[in-house]
């Protein structure tokens, strides 16, 4: 387990990346989200490993990205904020109704983070769609529930982020990190 690695998870459009960017601007190390980068790359090259084309291959690429991020973050000595983590891949496959391969389950058991996981709840006021985030509100809410269930199943303690301004969320996370 890497106690200095803190996952921020939840459904799409719940403010995770905005929060992590704001914390990064205050000097915290961070690792970017896999999904958006994979989608951009796959669209650029005409690939099919996309959530609307080949969900299983998309999940495998996310797993590779999350493992690389885990290893990169493990080298840090200070807190690192992770925009999602390996268990998110399990949650994604579960959400899609796909079988979770043994190696994906093993990765989530092996590559651990701080037991405190921040979860951004679905928040209608800030939810939005774009070229990479095509999920509707119903799927965004379902994703948040699945991620909460998945991380809890792997023994993480979920801390729900408040539905508040970015500055208030930053202060909330910083208070929790100081307590660790």
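A short reminder: the numbers here are calculations on the coordinates, not readings from a lab. If you're wondering where the values come from, they're calculated on a predicted model, not measured in any experiment. Reconstructed Cβ throughout: ideal geometry from the backbone, glycine too, with neighbour counts over all protein chains shown.
Quick notes
- Order of 165, 30 - criterion: other Cβ atoms within 10 Å of each residue's Cβ, fewest first: 165, 30
- Summary value for the chain: 35 percent relative contact order, contacts being C-alpha pairs under 8 angstrom separated by 6+ residues.
- Spatial separation of Cα centroids for the stretch 1-58 and the stretch 86-124, in angstrom: 13
- Cβ crowding within 10 Å averaged over residues, with 92-103, 57-68 ranked highest first: 57-68, 92-103
- Helical content of the chain, expressed as a calculated mean residue ellipticity at 222 nm, amounts to -16000 deg cm²/dmol (DSSP H runs of 4 or more residues, -39,500 (n - 2.57) each, divided by residue number, nearest 500).
- Paramagnetic label zone (point 7 Å from Cα along Cα-to-C-beta, residue 178; backbone N under 18 Å) in the stretch 61-82: 79-80
- Counting neighbouring Cβ atoms within 10 Å and putting the fewest first, the residues 146, 89 line up as 146, 89.
- Point-to-point label distance, residue 99-residue 74, nm (Cα→Cβ direction, 7 Å offset): 2.8
- Residue separation of residue 152 and residue 48 scaled by 0.36 nm, minus their Cα-Cα distance, works out to 34.3 nm of gained length.
- GNM top mover of 43, 159, 90 - the chain, alpha-carbon springs below 10 Å: 43
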